[in-house]
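Visitor: My structure is below; once you've seen it, I'll send some questions.
The values are calculated or read from the model by the stated rules, or taken from the named source; none is laboratory data. Predicted model only: the values in this text are computed from it and were never measured. Quick reminder, even Gly has a Cβ in these numbers, built from the backbone with ideal geometry, and neighbours come from all protein chains shown.
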Amino acid sequence: MLILVTFIWGATFTMVKIALEDIGVFGFLAIRFTIASIAIALFIFPKWKSLDIKILVSGVILGILLFASYALQTVGLFYTSVSNVGFITGLSVVWIPILSTLILHKKPSGWAFLGVTFACIGLFLLVTKGTLIRPNLGDIWTLGCSFAIAFHLLFTGIYAPKMDADLLAGIQITTVGLLSWLSWPVTEDISFVISAWVWGTAIVTALFATVFAFICQTRAQRIISPTRTAIIFTAEPVFCALFAHWYIGETISNIGVLGAGLILLGMLFAEVKPKEWRQ
């Protein structure tokens with residue numbers, strides 16, 4: 001299920017990039033997560049009667065983290081390439097061992113630190129193309145997104161095993177929708193003249209990249225640790241780059257390919273020891 005989720009997320013980056021030409025970031029997120037909230041409310045309707053304050057608070061916390069990740073990532077798509085967004089977002093896998101140390105007091109292995117080193121070098125090569133120029137604004141926004149995703153994965157791993165996964169997914173998706181509506185009039189001009197592409201992208205991302213994806217993730221993290229989830233999510237930037245190349249002809253320079261490869265290598269070093277590769 002998680003591999004399928006990474007495929008869907010990687011494929012929809014390009015769709016969202018095109019949609020943002022017609023609508024603002026928070027306008028798109030408001031429409032997408034409103035559709036998603038309605039869909040998941042209907043899907044898990046019989047379970048709402050078992051909602052309690054603990055699930056509500058936990059879901060809102062996850063929703064705030066999820067909103068931060070989507071807002072930062074979607075803004076990043078305005079200013080940088082789809083491929084860069086995909087690979088920089090994937091750095092969330094590397095931050096998890098560090099956050100596990102700070103929050104869960106679980107000391108990461110030497111392999112995790114090696115992974116961070118590779119990923120940071122790769123990030124520099126990807127966003128600067130090996131020169132001393134500054135990364136663009138989109139790369140910086142997306143880097144913030146990677147931290148938000150890492151926190152979201154970590155806290156989902158804490159909450160999901162203890163609570164109803166579907167209710168937890170429903171609360172966090174609804175929270176993102178509400179925060180998007182609050183942010184829309186503050187940051188952008190509201191317009192309800194919306195193109196067919198935006199509606200189509202909002203519906204596809206709401207049903208598949210949001211409702212289906214987060215039900216799958218929350219259920220999976222009841223039995224799979226954040227680190228194992230993160231390993232699987234390393235496939236997302238690869239799918240993202242492939243779809244961006246196929247659909248809108250994005251290319252990555254040779255230096256950028258090297259940087260992307262080092263990021264993927266860093267992700268794997270951060271989460272998998274060589275002994276585990278042989279199993």
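Visitor: Which condition number does residue 185 fail, the rest of (1) touching a residue at least 24 places away in the same chain (Cβ under 8 Å); (2) in a helix (DSSP H, G or I) being met?
Guide: Only one criterion is unmet by residue 185, namely (1).
Visitor: Residues that are under 17 Å from residue 162 (Cβ atoms), under 16 Å from the mean Cα position of the chain (by Cα) and not polar (S, T, N, Q): find the helices (runs of 4 or more DSSP H) completely inside region 37-104 holding 1 or more of those. Before the answer, list the steps.
Guide: Values: elements: 53-79, 82-89, 92-99.
So the answer is 53-79.
Visitor: Are there any pairs with C-beta distances below 6 angstrom linking a residue in region 8-32 that is over 16 Å from residue 177 (Cβ atoms) to a residue that is assigned to a helix (DSSP H, G or I) and of a type in the set (Asp, Glu), with the two at least 6 apart or on different chains, and if so which?
Guide: From residues that are over 16 Å from residue 177 (Cβ atoms), the pairs are 9/236; 10/236.
Visitor: While we're here: How many of the residues in region 1-35 are out of contact with any Asp or Glu (no Cβ under 7 Å at 6 or more places or on another chain), under 24 Å from residue 189 (Cα atoms) and not β-branched (Val, Ile, Thr)?
Guide: Number of matching residues: 12.
Visitor: What do you reckon, is residue 30 buried (at least 23 other Cβ atoms within 10 Å of the Cβ) and in a helix (DSSP H, G or I)?
Guide: Yes; evaluated as a whole, the condition is true for this residue.
Visitor: Looking at region 193-207, which of its residues are crowded, with 22+ Cβ neighbours inside 10 Å and either hydroxyl-bearing (Ser, Thr, Tyr) or free of Cβ contacts under 8 Å to residues at least 60 places away in the same chain (or both)?
Guide: Across region 193-207, the qualifying residues are 201, 205.
For (1) modelled with pLDDT of 90 or more; (2) on the phi > 0 side of the Ramachandran plot; (3) out of contact with any Pro (no Cβ under 8 Å at 6 or more places or on another chain), each residue gets a yes or a no:
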{"residue": "186", "(1), (2), (3)": "no, no, yes"}
{"residue": "196", "(1), (2), (3)": "yes, no, yes"}
{"residue": "203", "(1), (2), (3)": "yes, no, yes"}
{"residue": "208", "(1), (2), (3)": "yes, no, yes"}
{"residue": "215", "(1), (2), (3)": "yes, no, yes"}
{"residue": "264", "(1), (2), (3)": "no, no, no"}
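Visitor: Here's another thing I want to ask about it. Can you find, within region 242-262, the residue that is modelled with the lowest pLDDT among those that are hydrophobic (A, V, I, L, M, F, W, C) and either closer than 16 Å to residue 4 by Cα or in a loop (DSSP other than H, G, I, E, B) (or both)?
Guide: Filtering first and then ranking leaves 252.
Visitor: Across region 90-117, what is the total count of residues that are within 19 Å of residue 232 (Cβ to Cβ) and at pLDDT 70 or above?
Guide: 12
Visitor: Further question on the same structure: Assuming residue 235 fulfils every condition listed in (1) at pLDDT below 75; (2) over 30 Å from residue 124 (Cβ atoms) apart from one, which condition is it?
Guide: For residue 235, the failing item is (2).
Visitor: Is it true that residue 214 is crowded, with 22+ Cβ neighbours inside 10 Å, more than 16 Å from residue 74 (Cα to Cα) and of a type outside the set (Val, Ile, Thr)?
Guide: Judged against the criteria, residue 214 is a match.
Visitor: Taking region 189-230 as the region of interest, how many residues are outside any helix (DSSP H, G or I) and within 17 Å of residue 155 (Cα to Cα)?
Guide: Qualifying residue count for the region: 5.
Visitor: Taking the condition of being under 16 Å from residue 29 (Cβ atoms) and not polar (S, T, N, Q), how many residues in region 209-230 meet it? Talk me through it step by step, then tell me what you get.
Guide: Taking region 209-230 and keeping what is under 16 Å from residue 29 (Cβ atoms), we get 209-211, 213-214.
Checking the rest, the ones that are also not polar (S, T, N, Q) come to 209, 211, 213-214.
The qualifying residues number 4.
Visitor: Another question, then. Is at least one residue of region 169-182 touching a Lys or Arg at 6+ places or on another chain (Cβ under 6 Å), in contact (Cβ under 8 Å) with a residue 24 or more places away in the chain and in a helix (DSSP H, G or I)?
Guide: Initially, region 169-182 is screened for residues touching a Lys or Arg at 6+ places or on another chain (Cβ under 6 Å), giving none.
There is no residue in region 169-182 that is touching a Lys or Arg at 6+ places or on another chain (Cβ under 6 Å), in contact (Cβ under 8 Å) with a residue 24 or more places away in the chain and in a helix (DSSP H, G or I).
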